[in-house]
1. May I ask you to list the residues in segment 192-208 that are open to solvent by less than 40 Å² (accessible area, probe 1.4 Å) and out of contact with any strand residue (DSSP E or B) (no Cβ under 8 Å at 6 or more places or on another chain)?
2. I'd like the full set of residues that are in contact with a Lys or Arg (Cβ under 9 Å, 6 or more places away or on another chain) and open to solvent by 50 Å² or more (accessible area, probe 1.4 Å), limited to segment 1-25.
3. Restricting attention to segment 54-104, which residues are in contact with a Pro (Cβ under 8 Å, 6 or more places away or on another chain), assigned to a helix (DSSP H, G or I) and over 16 Å from LYS260 (Cβ atoms)?
4. Among the candidates LEU63, LEU125, LEU134, single out the residue that is modelled with pLDDT of 95 or more and either crowded, with 23+ Cβ neighbours inside 10 Å or on the phi > 0 side of the Ramachandran plot (or both).
5. Take ALA78 and tell me if it is open to solvent by less than 50 Å² (accessible area, probe 1.4 Å) and closer than 19 Å to GLY352 by Cβ.
6. Yes or no: PRO322 surrounded by fewer than 23 Cβ atoms within 10 Å (Cβ to Cβ), part of a loop (DSSP other than H, G, I, E, B) and at pLDDT 95 or above?
7. Can you tell me which residue within segment 337-381, out of those that are among the charged types (D, E, K, R) and over 13 Å from the mean Cα position of the chain (by Cα), is least open to solvent (accessible area, probe 1.4 Å)?
8. Would you check if there is a residue in segment 280-292 being loosely packed, with under 14 Cβ neighbours inside 10 Å and in contact (Cβ under 8 Å) with a residue 60 or more places away in the chain?
Amino acid sequence: MRRLTLTPRADWREKAEAVGFVYHHTGGQAYWDEGTAYAFTLQEVEEHLEPAAAELHDLCLDLVDEAVASEEILEELAIPREHWDFVAASWRAKEPSLYGRFDFGYDGSGPPKLYEYNADTPTSLFEAATFQWLWLEDLLGQGALPAGTDQFNSLFEAMRDRFKVLFPNGGFVHFASDDEAVEDRQTVRFLEDLAAQAGLDPKFVAMNAIGLNEEGQFVDTDGYLLQAAFKLYPWEDMLREPYAANLTTAKVRWLEPPWKAILSNKAILPLLWERHKGHPNLLEAYFEGDPAASALGANYVRKPLFSREGANVEIVGAGAEPVLDQGYGAEGAIVQAFHPPPSFEGKHPVVGAWIVGAEPVGMGIREDDSQVTKNLARFVPHIIEG
């Protein structure tokens, strides 16, 4: 694994906007950065990253199977008690998953280490699946990369085909997100397009526009029932909304399914460690306040159970950095061994390994000046060297 310095395409902004990647800058700062790329060997992908994602996915599913039968674990996960049966029923009914993303610390010299699992509402999907692939094709066409250069990336095809598996007879599916958050809306537009290519009939509804009819079923602004719906909105929030009481009776087939509330939660990190101590892809982790956490020493990372984009993640001890405080942490926190992402010329990449269904299908890289990947971290493309 190595960091490359490249010449950006002169027209990359126009090309990004032409395909709907309009959030290539965030807060005036570049989010997409093609002046940089990371190069991997095929061995690093096939023997390190892919197997790590596949094995951790299996361990996570084993944990869900245990959790739905354990009040103690559901309590540790801070899932509201009144929704325990709802979450467990979705698992027992084998409601299928669409996708997820494992975030790894990895430098090519050792096993990937799991920082967290974005199991419910992972973003950076469009740029990983589409725009970095278009970038690769352009550079190969220009001769800027050697013939035979590849990418770990079948994400587009895997997502489209997964919709076909989930809805083999087609059908009408709602897609929901915050319609004022540009990245969320464009991500969902991408998913709508994939669904349409898979033979579905997608219809968008803003999350805050979903209503209830007299029968207690969810409806969109035109009165159409939500029967199957993808929502780019986290379960930890949905389960605490005023309408959460109707989730059981509304009988919507949700993507992601309710059992993903178990995995989209940093509490799984100490739970996985407890069950698989010493696993090469796990970092030592405990619930905050657990006496066993003293094993981490004075230098560790504190993470709220629910947080996004590095918010309220704190490095304690050596290496401490300013904390991005966005108010997360009321439900509790975990502590994890300090394992900083590698430093390449002072920049810190985190590798996101994508799972669709149960298969590792690609990766995307976020790079930050900080050791904690935050909301302004840059997305940089990658290659597999031929």
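The values are calculated or read from the model by the stated rules, or taken from the named source; none is laboratory data. The shown structure was predicted, so the numbers you read here are calculated from the model rather than taken from an experiment. Note: ideal-geometry Cβ built from the backbone for every residue, glycine included; neighbour counts use all protein chains shown. What goes into the accessible areas is simple: the full protein's heavy atoms, side chains included, and nothing from ligands, DNA or RNA. Shrake-Rupley method; radii C 1.70, N 1.55, O 1.52, S 1.80 Å.
1. Correct list: LEU194, ALA198.
2. LYS15, HIS25
3. Across segment 54-104, the qualifying residue is only ALA54.
4. Only one candidate passes the filter, namely LEU125.
5. no
6. no
7. Taking the candidates together, the pick is GLU367.
8. Yes, that holds for at least one residue.
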